[in-house]
Amino acid sequence: MAQLLLLHLIAAALAPWLAKTLRTKAFPLLALVPATAFAWLLVVATDVRDGNLPTQRIPWVPGLGLDLDFRLTTLSWVVALLVTGVGALVLLYCTWYFRDDDPTLWRFTSVFTAFAGAMLGLVLTDNFLMLYVFWELTTVLSYLLIGHNPGSSTNRRAAMQALLVTTFGGLAMLVGIIAIGVHHTYSISALLADPPPLDAVTVAAVVLLLVGALSKSALVPFHFWLPGAMAAPTPVSAYLHAAAMVKAGIYLVALLAPVFAGAPAWHALTLGLGLLTMIVGGWRALRQHDIKLLLAYGTVSQLGFIVAIAGLGTKTAALAALALVLAHGLFKSTLFLVVGVVDHAAGTRDLRRLSGLGRRMLPVSVPAAFAGLSMAGVIPMAGFVSKESALESLWEEAQEAAPFPSIYGYLALAAVVVGSALTVAYTCRFLWGAFATKPGVPPTPITVPHPGFVLSPLLLGVGCLALGLLAPFESPWLMPYAVTLPTGASPEPLALWHGVTVPLLLSLVSLGVGVALFAQREAFARAQARVPALVDGERGFARTLRAVDRGAVETTAVTQRGSLPIYLASILLVFVALPGMAAVTQGRLPEVRLWDNPAQAVVGALMIAAAVLVLVTRRRLTAVMLVGATGYGVAMLFVLHGAPDLAITQMLVETVSLVVFVLALRRMPTKFTRHPDSPSRTWRLGLGAAVGAAVGVIALVASGGRTTTPVSVDFPTEAYTFGHGKNIVNVTLVDIRAWDTLGEVSVLVAAATGIASLIFVRTRNTRLSRATAKALPSSNAARGTWLLGGRTMRKEKRSVIFEVVTRLVFHIMLAASLYLLFAGHNQPGGGFAGGLVAGLALVVRYLAGGRYELDEAAPFDAGLLVGLGLLVAVGSALAPLAFGGTILETTAVDFTLWPWGEVHLVTSLVFDIGVYLIVVGMMLDIVRSLGTGIDRQIAEEQEQDEQQQETEDEPEELQTEGARP
Amino acid sequence: MTTLAPTGFESTLTPNITLVLVVVGLVAVGTALALDRSLVRVLLGMVLIGNGVAVLYLVVSGRAGRAPFVGEDPAAMSDPLPQAMVLTAIVISLATIGFLLALSYRLWQISGTDDVPDDAEDARIQRLARDDETSETYDRSEESTTTSDERAEAGESRG
């Protein structure tokens, strides 16, 4: 069964290509796909009848109860036959419905085939979650099919309406599925075998499931989307809105009826709403002039009828429901396809203009007549057999008073008779409207349809007759479903003639009334016009949409103030109010100690003083320096705590940050501006104090909450045994918690890319300009030295001392950075610290020699370096897999290498090299962007200014120069 | 390996009040700065908060001790795990500083100031809410998807 679905999926994927090359000839080819499924269903037919249900189980997410389970029961077999059989014929029909030059063929073929697959999956699956997935797939695909012509606003709105209504139902259904699944099971067969007790949760779940079913099958009050969906091409209406998708709701009702038919509200929702829908649909069908819309309302009416019978819950009703599904699928798809042919041949669907088609289009009017008689329930059509059976089931209910009091049974019977009479009337209206010769209307000019075009409706129309004649042979195939219902006696087999029975008499009554209604159609139409539209779901839908939209606007306006301080303040207030207050009121303060070392207090006091001064100053640079001071203070605290790696890194980062701040701030105003519209100072200070206090209390309470030894107690042993290193912090970074490090260096890569893209906007600075490339006037003096970039700078910007110092320290810094990298595994250092030192060396080169010098020192793209680093890190993480290890596993290799002698190489060094490269790349990106990038922008602006001045000062000279060549 | 509870790895923790006070001070000032309109001050506030959190890690990592190297007496060693966590955080804070600075620079370049303005789109929505209007993407047409055709046809036949 999964194979059949896969076949549909592949076909849908190939369809655009097929449609591009074969145009409409692709349709017969695609029709083979559902036809294959149809053939398979015929092959397994006897197995299904005899109870050897084909099943297939592919585990997917067993933990969630989500598996690809498939099971073919009699119910799904019947619906699947309809889905695949009608699907194949409709696809065949499309060959002549669409024109070869239709530009949307590629999309239509694909979506339609995918829909057929989704529908098949829906009836085959044995898992409620999968059922939901297929259910929503059909919703989305039908949205695409209804909106086939997105240029028309009616199409778009109809598609959106169908999507919103059925998705609403689908979501309700999902809640119901989960409610049952969590308490019971997601497996459909398990639920049927062992139903849960009807407690409040189950009943609520059943009601939600029914809401899904009712919305899909277009019952009142959701009925309005189906007529709207007639904006779709006619094959879509024939397939989705007659045979397949709208049957999904009926399928669900029939699926649940054996176990939930006794639930409270079940009969009110199925039988009650179903029969109401039957009458409303029939009533409105009689008001239509468009024969397609007439059929659409007829479909609404019929769906209501079938849901009512499927929900009844007796064996006889179950048999009748299946017979109705088959009969309706056949006659309604025939009629829709006929409408398509008529539409193409006559160019209109308005029954006031169509005239005299019956005789001239016999290949269409004959199957239409068969289908129409079946719809009206006239002997010997399939529709007669099934309607007879349905009336029989209601009559039996009324007699037996089970499963509900007989008064309701009689009422239901009366409703069905009324509904049937309306059905007869609109059937007459349809046949008369489409084919009759009307007095006063000239015969409509037609083009004769291609024989292939009428093949599908002809076959389906004949099917209506054949199914009726073969009725006695039909029962055994449907009976296995009927007997799963708990209530009622074993049903009479389907037959054309049961003798003169009450149902037969009722049938005759409705036929008579219906024909009379049609005969008196003008008088009846006048009467209808006087009755106000009581059931108008569409208006309610529009009002709901407006209310939702207004609600969204109001909510957005209240919550999205668009002000950064307000957003931040809300987050912080919640932080103070919830965790902060919880810590204050519920927390237990532990014993504290004053300090580990008095020096901590000195450093801490300086840090706090520096921080407070930041609040006071309005000079940018002063503020930056003060913040930097707190950073160096943190480094001191690290030293006092016994964390040399942290201290080194913090020192380096602080230094780099200072440089970066200065580089970026050099063009901005030196003072912060005052802001009249920012929150008042006291307010900010108050919230700041509250947040600080909350953090302090939480820190105390949380620290006091420790009850066990930290996990890191084993790190010293593990670091040496598995990580082969003595620096525990470094081993933690590159081995024990290397996954974290991998994530963190990815953040660095993202940040570096972000910085570069913010400054250069369009492209990263790949355009390198090296100092040597720039021809220097005194090249003799340059010989034997480096750091030439300084000569490109203006004289007043150069610093001889700085250049000399740079010459001295640059190589030493690079060597130190490599030392930190390689020694880091056993001594303080590592990739982060090493990378920062190398980056700092580049910063020094830049500061001393300007942007050309930077490109001279690092003649490669920063992005390349960052990417290479990530590649090395990930590569070293994955490499152990090749040797049968696990990801990020570390091994030590010992070998002798001249002239070093014994070498002890630990593989996690490679990972650290990746980290090193990423850090260097990030630093390069920062300097290139905030240093070189801004330099270049300044230079460009200056040039522009100068040029502007020139043009202003000497316009004549420029003109003559321009005229010279 | 000794089984005595080593310094850095205590099973109960007596927090260092001095460090806690440093955390409180840095976070309080940082928060006050972060509530400002100037993006550079926001950034400085974030840096201060970041420094405070780094110190917070020291608070929860227990007593100070010797540097965590194999060969040291574990009983005298400081806890290495929080240190590893802070190390990456420090480097990431550098990247954040770079990014936010680039952002402020760009903001300054475009608007001539590094102040974060209120969102214009949100202001528009607030105007809609005040006027009891629907959103701009709302489909105002309430005509039925089916009767629009009927009416059009009816109008035709009348005319």
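The values are calculated or read from the model by the stated rules, or taken from the named source; none is laboratory data. Because the structure is a prediction, the values reported are computed rather than measured. Cβ coordinates were reconstructed from backbone atoms using ideal geometry, including for glycine residues, and neighbour counts include every protein chain displayed. Accessible surface areas use protein heavy atoms only, side chains included; no ligands, DNA or RNA. Shrake-Rupley method; radii C 1.70, N 1.55, O 1.52, S 1.80 Å.
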Condition set assigned to a helix (DSSP H, G or I), away from every other protein chain (no Cβ under 14 Å) and open to solvent by 60 Å² or more (accessible area, probe 1.4 Å), scope the stretch A:130-159, selection farthest from residue A:240 (Cα to Cα): answer is A:133
Just one of A:293, A:335 is within 26 Å of residue A:96 (Cα to Cα), part of a helix (DSSP H, G or I) and modelled with pLDDT of 95 or more; which is it? A:335
Residues being among the hydroxyl-bearing types (Ser, Thr, Tyr) and crowded, with 24+ Cβ neighbours inside 10 Å - total across the stretch A:723-747: 2
Regarding the stretch A:64-84, can at least one residue be identified that is at pLDDT 90 or above, polar (S, T, N, Q) and open to solvent by 50 Å² or more (accessible area, probe 1.4 Å)? no
Those residues of the stretch B:8-45 which are β-branched (Val, Ile, Thr) and part of a loop (DSSP other than H, G, I, E, B) amount to B:12, B:14
Does the stretch A:678-693 contain any residue that is closer than 18 Å to residue A:615 by Cα, of a type in the set (Phe, Trp, Tyr) and within 7 Å of another protein chain (Cβ to nearest Cβ)? no
So residue B:39 fits all but one of (1) more than 7 Å from every other protein chain (Cβ to nearest Cβ); (2) open to solvent by less than 10 Å² (accessible area, probe 1.4 Å); what number is the exception? (2)
Given the residues A:99, A:107, which is the only one that is among the basic types (Lys, Arg), open to solvent by 10 Å² or more (accessible area, probe 1.4 Å) and assigned to a loop (DSSP other than H, G, I, E, B)? A:99
Criterion violated by residue A:46 - all others in (1) farther than 24 Å from residue A:452 by Cβ; (2) of a type in the set (Ser, Thr, Tyr); (3) touching a residue at least 12 places away in the same chain (Cβ under 8 Å) satisfied: (3)
If you go through A:368, A:402, the only one that is hydrophobic (A, V, I, L, M, F, W, C) and open to solvent by 10 Å² or more (accessible area, probe 1.4 Å) is A:402
Can you report the number of residues in the stretch A:901-931 which are within 13 Å of another protein chain (Cβ to nearest Cβ) and under 21 Å from residue A:861 (Cβ atoms)? 16
Candidate set from the stretch B:105-119 (those that are within 22 Å of the chain's Cα centre (by Cα) and more than 7 Å from chain A (Cβ to nearest Cβ)); member that is most open to solvent (accessible area, probe 1.4 Å): B:117
Go through (1) surrounded by fewer than 24 Cβ atoms within 10 Å (Cβ to Cβ); (2) closer than 30 Å to residue A:25 by Cβ for residue A:57 and report which single condition fails. (2)
Being buried (at least 21 other Cβ atoms within 10 Å of the Cβ) and not assigned by TED's automatic domain parsing to the domain that holds residue A:379 is the requirement here; does residue A:480 meet it? no
Only one residue in A:263, A:204 is part of a helix (DSSP H, G or I) and either within 30 Å of the chain's Cα centre (by Cα) or not charged (D, E, K, R) (or both). Which one? A:204
When both residues are 6+ apart or on different chains and their Cβ atoms are under 7 Å apart, which pairs have a first residue that lies in the stretch A:462-483 and is touching a residue at least 24 places away in the same chain (Cβ under 8 Å), and a second that is part of a helix (DSSP H, G or I) and among the basic types (Lys, Arg)? A:476/A:49; A:477/A:49; A:480/A:49; A:482/A:315; A:483/A:315
When you go through A:547, A:529, A:542 one by one, which is the residue that is within 13 Å of chain B (Cβ to nearest Cβ) and either crowded, with 16+ Cβ neighbours inside 10 Å or basic (Lys, Arg) (or both)? A:542
Considering only residues that are among the aliphatic types (A, V, I, L, M) and either open to solvent by 10 Å² or more (accessible area, probe 1.4 Å) or farther than 15 Å from residue A:388 by Cβ (or both), which ones fall in the stretch A:325-336? A:325, A:326, A:330, A:335
Given the condition open to solvent by less than 20 Å² (accessible area, probe 1.4 Å), without any contact (Cβ under 8 Å) to a residue 40 or more places away in the chain, facing chain A (nearest Cβ under 7 Å) and assigned to a loop (DSSP other than H, G, I, E, B), answer yes or no: does some residue in the stretch B:46-53 qualify? no
Across (1) part of a loop (DSSP other than H, G, I, E, B); (2) open to solvent by less than 40 Å² (accessible area, probe 1.4 Å); (3) touching an Asp or Glu at 6+ places or on another chain (Cβ under 9 Å), residue A:499 clears everything bar (3)
Number of the exception - residue A:888 against (1) in contact (Cβ under 8 Å) with a residue 40 or more places away in the chain; (2) on the phi < 0 side of the Ramachandran plot; (3) open to solvent by less than 40 Å² (accessible area, probe 1.4 Å): (2)
What do you reckon, is residue A:232 within 14 Å of chain B (Cβ to nearest Cβ), within 30 Å of residue A:347 (Cβ to Cβ) and open to solvent by less than 10 Å² (accessible area, probe 1.4 Å)? yes
Per the list (1) open to solvent by 40 Å² or more (accessible area, probe 1.4 Å); (2) assigned to a helix (DSSP H, G or I); (3) more than 10 Å from every other protein chain (Cβ to nearest Cβ), residue check on residue A:558 breaks on (3)
Looking at the stretch A:427-455, which of its residues are among the hydroxyl-bearing types (Ser, Thr, Tyr), under 25 Å from residue A:296 (Cβ atoms) and in contact with a Lys or Arg (Cβ under 9 Å, 6 or more places away or on another chain)? A:444
For residue B:57, indicate whether it is facing chain A (nearest Cβ under 7 Å), out of contact with any His (no Cβ under 7 Å at 6 or more places or on another chain), among the aromatic types (Phe, Trp, Tyr) and farther than 21 Å from residue A:825 by Cα. no
If the requirement is being under 18 Å from residue A:128 (Cα atoms) and assigned to a helix (DSSP H, G or I), which of these qualifies: A:269, A:256, A:273? A:256
I need the full set of residues from the stretch A:160-201 which are more than 18 Å from residue A:125 (Cβ to Cβ), assigned to a helix (DSSP H, G or I) and of a type in the set (A, V, I, L, M), in order please. A:160, A:162, A:163, A:164, A:165, A:171, A:172, A:175, A:179, A:182, A:200, A:201
Residues being open to solvent by less than 20 Å² (accessible area, probe 1.4 Å) and not in a helix (DSSP H, G or I) - total across the stretch A:822-861: 4
